[in-house]
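Since the structure comes first, as C-alpha cells, the remarks are kept for the end.
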Amino acid sequence: MKLVCLSSNPSKPCFVLYFKGVTLMLDCGLDITQLQHFLPIPVVPGTQISKARSWTPGFEKKNKIGDAYQEVKECSGRLFIDGCFEMAIPELEIIDLSQIDAILISNSTCILALPYITEYTGFKGHVYTTEPALQVGRMYMEELVKYVERNPRTNIATKWKQEEVLMHLPAPLKDAVNTLKWKQCYTKHDIDSCLSKVTLIGFNQKMDIYGSVEATPVSSGYSLGSSNWVIKSTHEKVCYVSGTSTLTTHPKPMDQAPLRNSDVLILSCLTQTPLANPDTMIGEFCVNTAVTLKNGGNVLVPCYPSGVTYDLFECLSAHLEQCGLAGIPMYFLSPVSDSALAYSNIFAEWLSQSKQSKVYLPECPFPHAELQSQGRLKNFKSLHDMNLEVKTPCVVFAGHPSLRMGDVVHFVELWGKHSANTIIFTEPDFPYLEALGPFQPVAMRVCYCPIDTSLNFSQANKLIKDLRPLHLVVAESYTVPPIMASRRTDLVIDWEPSPFTYKHGQVLSLPVKRKFESVEIDSELAAKMEPVEVKAGSAITMITGSLNVRDNVYILKPLPKEVASGQKRSHDGFEVHKKSYIFGSPNIQTFVDVMTQQGISSIKVEDTGSGSIIHLPNDETLIQVDGDSTHIICEGDESIRVKIRDSLIKCLKRL
Amino acid sequence: MTELRVTPLGAGQDVGRSCILLTIGGKNVMLDCGMHMGYNDERRFPDFSYIARDGKLTEHLDCVIISHFHLDHCGALPYMTEMIGYDGPIYMTHPTKAICPILLEDMRKIAVDRKGETNFFTSDMIKTCMKKVIAVNLHQNIQVDDELEIKAYYAGHVLGAAMFEVRVGQQSVVYTGDYNMTPDRHLGAASIDKCRPDLLITESTYATTIRDSKRCRERDFLKKVHDCVEKGGKVLIPVFALGRAQELCILLETYWERMNLKVPIYFSLGLTEKANNYYKLFITWTSQKIKKTFVERNMFEFNHIKGFDRSYIENPGPMVVFATPGMLHAGLSLQIFKSWASNELNMVIMPGYCVAGTVGHKILNGQRKIEMENKHILDVKLSVQYMSFSAHADAKGIMTLIGQCEPKNVMLVHGEGGKMEFLKTKIEKEFNINCYMPANGETAEIETKHNIPVDISLNLLKRECSLTSSALEPPDAKRPCVLHGALVMKGNKLQLIDPAHAFRELGLEEHHLRFTCTVSIDEEGPVTQTVDKIYQLTKSKLKNYPVQYSNDGSITVSESVLIKVSGDEESKDILVSWSYQDEELGSYLLQILRTSLTT
C-alpha cells in the first residue's frame, strides 16, 4: 500500500492511494493562498489599487530582467503581481493520471482543483461525491470564475518568476514556491464539463470499485454533504478523515462508528486556527457587529457563499434581534447568492436533526429563508444590482475572502477610510493582515474572529484514541507545534507508535500486509464437501477446484468434467489430480491383520524400540513403521505394493 | 441452499392494502402496511393475526418498510403499531415520513368525523407511530441489525417513493412498491442497479397495458378541460393531495399561461397548499428539469391556481377544481361531485386508478345511477372521463426493470389476477426465470442458490496460481487454475489454507508414507549416461512437471519423487522413491521406467 501526497496545504488536500491494485485519488483541493501575491481586481476604476505604480528597485536594473519589473506593482509599500490570477494546483506531474481509477471527493472545498484533472489530463476514471458537495462545490467554482472573468486581466505575468528576478524581490514574493507550475483559472465551460462527469453517492452507500475495494462516504459534520471515506476490501480497511467537525452547526453530525478499527487512518484538514475557539469567535463576531452598528458604522464580512456563512446569518440575526437592531439590513453579495440560499433549503437529508425536523412541518430548515421574506436579508448577484437599495448602517457579506477579487474589494476601499466602520475576518483560509496589505492604511476597525469548525488538536487526539487505527498517517506539520505558538506542545497529534507523516510530493509506503483474500466456493462444489470434525468446533475438509477470476472476484468452481473424470486425460496423464492426506499412527497388530486378510503371508514383525520393522520375505518387501511415518520398500510386484498401501491406509485416518 | 418465503397479507392478486411478509435468511420483514380503500370493515386492514395471534408483533418482525405515502401502502401503519402493537424499526424515505402523517390524519378525520367510526386510530397514535420511523436516503446502505441490510432506490411514482433492496448475507430481495419507468412533469423515472436479487417483487397494476405516448394523453386532457370550460361547464378533478395533483397543476398552469385563459382554477385548500410546500422543500426528489431551474423559478409556485372554498361550489360559470380525495369515496371531492353530477355540461376527470367499491370505481364502470349513504339515488349526467396519469409502470416498464436488475425470480403483486397471468407468461418466456403470483395468505417458497464466501490465505492463492500458470505468461482466463487447499471451519469462520498449515493449526499429525522400489537393468555404460537417459525420458513423458537434476546425481520430479541410479559398467539399479501425496505420479513413473527400460 502506498500513499502519495500531492498538496502542499493539508487543509486543501490531494492524495493518491494505491491499494489492492486500485488507484484512488483522495480529494482534489485547490490552494489559493498564493492569490495574496496578486494585485486585487478592482470593481470600479479610479481607486487606489488601479493607481498602483510599477516597482522601482533600489538598485540598478540589469537589462536582461528589466522589463520583468513591469509586472510587479507597488501598492501601500508592498509588492504585488499585476497579471492574470494563477492557481497553485496539486502536484500532478509525479503520477500517471490515466491510471487513476476513481477520485473520492470529501466536501465542497476539496473539489476545486477537479477541472484541472478531468479537463486537462488523461484521467478517465470515475469521480464520486455527495449531491450537496457537488452543488456547493459548483457554486464555489462558479464564483471564482465569475470574479476572475468579470474584469479580466489580459496580461499573463511570467517574467517575474525567473529565478534571477525572483531572488531580487523582497519577501513575501521571494518566498513564493513552485511559481512555474501555477495555472490559470479554469472556465465556466470547464466546470460544466467536469461536474457532468461526477457520480453522486449518498452517505453510507457502498460503492464498488472494480470488485477490488468498496468505498463508502460517512458523514463528517463539517459542511453540507461533507464526508469522510471508508475504503475497504474484505480484510483491510483504510479510513480517510478529511474536513470534519464535532461541533453542532447546521450539517448532519459526524458519524464516527464506521471509522473505528482501521488498518490505516489518514488524517488531514485539521483546524487552521488552533488558537481560536470557534464558539467564542462567533460570539465576538456578533458583539463586534452590534457595537459597530449601534455607533452608526457599517460592517463588512468577507465570506464564501456557503458553509459557515449560513451559521453567521443565523447567529447574527438572532443577536441583532436581542440588541434591538432587527431593523438593520444584511446584504449578501455573490454571483451565486441565489443558488447558495435556495440550495440550503432543499438539502434536508443532509442537515442536523433540528434543522431536518423543520421540513416535516413543512418549513424551511434555515432561518435565512424567513429573513429573506421579511426583507432583513437581501441577496444580490453583484454590486451593480444593489445600486440604490443600500441602507446604512448595514452588514455586508461579500466575497472573496482573499480580498483580491469580488465585490468585497469595493467595500474595503469605500468603507476603509472611516473609523466608524468595521471589517470582520471570519474565514481562516487567508492571513488577514496580508489580505488587507494592498488597502493599507485603513482607518476602519479590523477584527479577526476566525471561525474554523474543523477538528482542533485535542478533538483530533480524542478521535484517534477512540478510532484505534493500526497505523496513523498525518501531515508532517501536525507533529510539531504551530509556528505562531511554538511552545504549545499540546497543539500536536500525539500517538504511539509515532505516526507516519506526509508532506508535499512525498511517497509513503504503508506497512499493511495482506494475509487473506476472499474467494467464493461455487454452490455445486460446496454441496459435495464433507467436512470432518477433528476437534470440538473445528472441522476440516480438502477441496480441489478450478479457480476463476472475474471482475476481481475469485470463484472456486468444480473441476471441468472431462478433466475430473479423466476421460480426456492430457498427454502426460496427470494434468489434474486430487490429493488426499492420511493421519495418525497405525496399530501394528491391526496392520498385520489387515495385510493377512489381503492374502499376504509370512509377515515378520521386529520391534525397534521407537517403532517396528515388518519383513515380508516372500514379497521382497520391507516396511519401516515409526510413529507418524512409514516407509515401504518394495522390490516385488506392483500389485503387492498396492495391497500393502491400501492395508495401511485402512489403519489410518484419511481426508 | 436456503429458501425465501413470501406471504402477501394484501396486494396478492389484488390492488389495495399492500402488505407483504418476507422471510429472508431467518429475518422477517414487512413490506408496506396499507389499507384497502374499498372496504369499511375489518377487511380494510391486513390480517395481522397471521403474524402472531397474541398481537405481539415486535418479536416476530425485524423491521417494517414503507415504500411511499399512498394510503394503500401505509394506511394501516398506526393501526398496526399502536392498536395491535409493534415497537420495532420502521423505515421510509424523508418525504414519505413528512407527508405520510398528514394523509393518515386526513383519512382519520374522514373516517371518524364524517362517517362517525369508532375503533379507529387517533391523532396521538399517528404521532407515536411516526416517532418509530427512521428516515432513509436513497442509495444509503442501512444496517437494520448485524445481518439485515436495506437500501432504497428511486421509484418515481410519487414524491419520495422508493424501491427497497433487502439483503441478508448473500440473499437479497427487491420490493418495488409502486413505480414509474417514464419520467413525468415533476418526477424522474425509477432506476436500480444491476443488483441481481434472488427475487424481485414488483407491482403489476398495468400488467397488460402499454400506454400511448404521454404527450398525447396530456394534449387530450387539456383539450377536454378547455372544451368543457368553453361551453360553460365545470370541471372536477378528484386527486390525492400529493402527486398527480402537482403534475396536473403544472400542466394546466403552463397551458393557461400560453392560451391566456381567464377561467378560474381552484385547488382545495389546506392540505394541498401545504403539499406544494413539501414539493418545494423536497425538490431534490423531483425530476432533473425541475431541479435545474428551481433557483430561478420554483415550478410549484402557481400563479393561476387559487385556493378553493366550499361556497364556490354553487358559483355560476365555468371553473376547474382540484379536490381531494382522488377516488370520490369521501370528503370535498364527493361533495362537489354530488352537486355537479346532474348537469351534463359538467365534467369529472378521474386521473387515477379507483379501487372497487368507491364512487370513482362505479362511475368509471359506466354506472349512471349511484346509491348514496341514505338510500338516496344520485343521477350521474355529467361527462365522466378517465385519464390514466397514474404513475405506474406499464408492461413494458416492468420488463425494463427486470432487465435492469436481473433477478433470479420474479413475483407479481398489486395487480389483478387475470392480468398477472398474462404478464407472468411473458416474463417466464422472455427471461427464462420463474415468476410467482401468490394470492393473499398464500405463501410462496423460493429456493436460492449461492456461492459460499470463504477467506483464502494469500500464500496459498499465489502459490497455487503460479504452479499452474507460468510467471511469464499472463493468467489465461480459458485455462482455469487448479487450486487445492484445506477448508478449515471454526465457528462461523471459513478459511481456505495450505493443507500443511491447516494440520499444524488443528494439531493433526500427518502420516508420512513413502514408497521405494527398485528397477534393475542390464545396461552398459557409465551411470551418468543412464541418468541422462532417464532424465530425458522423464522430461518427455511428464511435460507439465518440474524435472530436475540434483547435485548428487539424482533426479527429482515434482515435490517428492526421487530417482537414484547406482551400479557398475554392466548393470544398474534404479531406485524410485515417492511420498503418498505423489502416489499417482510415482507409480506412473515406476511403470514407465519398468516398461521402457527393461524391455
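The values are calculated or read from the model by the stated rules, or taken from the named source; none is laboratory data. Quick caveat: nothing in here was measured; it's all calculated off a predicted structure. Here Cβ is always computed from backbone atoms with ideal geometry, including for glycine, and neighbour counts include all displayed protein chains. The protein model used for the area step is the full one, side chains on, heavy atoms only, and it has no ligands, DNA or RNA in it. Shrake-Rupley method; radii C 1.70, N 1.55, O 1.52, S 1.80 Å.
For segment B:565-578, the Karplus equation 6.51 cos²θ - 1.76 cosθ + 1.60, evaluated at θ = phi - 60°, returns couplings of 10, 9, x, 10, 4, 8, 10, 10, 9, 9, 8, 10, 9, 8 Hz by residue, with Gly and Pro reported as x. Using a 1.4 angstrom probe on protein heavy atoms only, the contact between B and A buries about 7500 square angstrom of accessible area, both sides summed. Select from segment A:317-355 all residues whose loss of accessible area on going from the chain by itself to the full protein assembly reaches 30 Å² or more (probe 1.4 Å). The answer is A:Ala342, A:Tyr343, A:Ile346, A:Glu349.
Rounded to the nearest Hz, the phi-derived 3J(HN,Hα) couplings of segment A:599-608 under the Karplus curve 6.51 cos²θ - 1.76 cosθ + 1.60 (θ = phi - 60°) are x, 8, 10, 6, 10, 10, 10, 10, 7, 10, where x marks glycine and proline.
Solvent exposure of segment A:191-315, expressed per residue, is 30 Å² of accessible area, with all protein chains present and a 1.4 angstrom probe. If R0 is 51 Å, the Cβ-Cβ spacing of B:Lys109 and A:Met386 corresponds to a FRET efficiency of close to 0.60. In chain A, a dipole from Cβ-located charges (positive for Lys and Arg, negative for Asp and Glu) runs towards its positive end, and of A:His410, A:Tyr502, A:Phe430 it is A:His410 whose Cα lies farthest in that direction.
Counting protein heavy atoms only, segment B:261-374 has 50 percent of its accessible area on carbon and sulfur, 1.4 angstrom probe.
Shape analysis of segment A:335-454 yields a ratio of the Cα radius of gyration to the Kirkwood radius, Rg/Rh, of 1.02.
Note on A:513-524: average number of Cβ atoms from other chains within 10 Å of each residue's Cβ is 6.
Each of B:Gly415, B:Ser191, B:Val321 was placed along the dipole of the protein assembly as shown (beta-carbon charges, centred on the mean Cα), and the one lying farthest toward the positive end is B:Val321. Put a dot 7 Å past the Cα of A:Glu638, heading toward its Cβ, do the same for A:Thr234, and the two dots end up 4.2 nm apart. Rolling a 1.4 Å probe over the protein heavy atoms of chain A, with every protein chain left in place, gives an accessible area that is 50 percent carbon and sulfur. Rounded to the nearest 0.05, the FRET efficiency derived from the C-beta distance between A:Ala257 and A:Leu470 at R0 = 22 Å is 0.80.
Note every residue of segment B:89-105 with a reduction of at least 50 square angstrom in accessible area, all protein chains present versus the isolated chain, computed with a 1.4 Å probe, or write none. Those are B:His94, which lose 50 Å² or more relative to the chain on its own.
B:Thr81 sits among other residues whose Cβ lies under 13 Å from its own Cβ, and their net charge, with Lys and Arg +1 and Asp and Glu -1, is +1. Interface residues of segment A:540-555, defined as a loss of at least 30 Å² in heavy-atom accessible area between the chain alone and the complex of all protein chains with a 1.4 Å probe, are A:Ile540, A:Thr541, A:Met542, A:Ile543, A:Thr544, A:Leu547.
For A:Lys653, the residues whose amide H sits under 5 Å from its own are A:Phe583, ignoring neighbours fewer than 5 places away on the same chain, with H placed 1.01 Å from N. Label-to-label distance, A:Thr187 versus B:Cys216, with points set 7 angstrom from Cα along the beta-carbon direction: 4.5 nm. Derived from the Cα gyration tensor, the three semi-axes of the equivalent ellipsoid of chain B are 75, 25, 20 Å, largest first.
All distinct Cα pairs of chain A go into the 1/r average, and the inverse of that average, the Kirkwood radius, is 29.7 Å. Basic side chains Lys and Arg get +1 at the Cβ, acidic Asp and Glu get -1 at the Cβ, and with that the dipole of chain A about its Cα centre reaches some 1140 debye. Once Rh is set to the Kirkwood radius over Cα pairs, what Stokes-Einstein translational diffusion coefficient, in µm²/s, holds for segment B:155-308 at a temperature of 4 °C and a viscosity of 1.567 mPa s? Rounded, D is 74 µm²/s.
Annotation: per residue accessible area for segment B:1-111 equals 31 Å², rounded to a whole number [probe 1.4 Å, protein chains only]. Within 10 Å of the Cβ of each residue in B:453-461, the mean number of Cβ atoms contributed by other protein chains is 6. Let me check I've understood the local charge: for B:Lys131, count other residues with C-beta under 14 angstrom from its C-beta, Lys and Arg +1, Asp and Glu -1. What total comes out? Overall, the nearby charge balance is 0.
Find which of A:Phe347, A:Thr154, A:Cys5 sits farthest along the positive direction of the dipole of chain A, computed with +1 on the beta-carbon of Lys and Arg, -1 on that of Asp and Glu, about the Cα centre. Of the options given, the answer is A:Thr154.
Within the shell defined by Cβ-Cβ distances under 11 Å, the residues around B:Thr443 carry a net charge of -2, with Lys and Arg each +1 and Asp and Glu each -1.
On a per residue basis, segment B:180-332 carries 40 Å² of accessible surface, using protein heavy atoms and a 1.4 Å probe.
Using only side-chain charges placed at the Cβ, +1 for Lys and Arg and -1 for Asp and Glu, the dipole size of the protein assembly as shown relative to its Cα centre rounds to 4240 debye.
Peptides B:430-439, A:103-112 ranked from most to least packed by the mean count of surrounding Cβ atoms within 10 Å: A:103-112, B:430-439. For segment B:261-304 versus segment B:132-181, the inter-centroid distance based on Cα atoms is 27 Å. Largest first and in whole Å, the equivalent-ellipsoid semi-axes of segment B:474-571 read 39, 20, 9, each the square root of five times a Cα gyration tensor eigenvalue.
Label positions at B:Lys493 and B:Asn343, each projected 7 Å from the Cα along the C-beta direction, are separated by 8.1 nm.
Of the whole protein surface, B:Cys228 contributes about 10 Å² of accessible area at a 1.4 Å probe radius. The orientation-averaged shadow of the Cα convex hull for segment B:235-339, equal to a quarter of the hull surface, comes to 6.8 nm². Using Cβ point charges alone (K and R +1, D and E -1), the dipole size of segment A:204-277 about the Cα centre works out to roughly 140 debye. Using R0 = 35 Å, the C-beta based FRET efficiency linking B:Gln143 and A:Leu361 works out to 0.75.
Scaled to the globular estimate 2.2 N^0.38 Å, the Cα spread of segment B:170-228, given as radius of gyration, is 1.58. When Rg and Dmax are taken over the Cα atoms of the protein assembly as shown, they come to 39.4, 130 Å. Across peptide B:200-208, the average count of Cβ atoms from other chains found within 10 Å of a residue's Cβ is 0.
Counting other C-beta atoms within 10 Å, and keeping those with at most 12, which DSSP coil trypsin sites (Lys or Arg not before Pro) do you find in segment A:330-405? Taking segment A:330-405 and a limit of 12 other Cβ atoms within 10 Å, the loop trypsin sites (Lys or Arg not before Pro) found are A:Lys391.
In a fully extended conformation the segment linking B:Glu430 and B:Glu569 would gain 42.3 nm over its present Cα-Cα distance, using 0.36 nm per residue.
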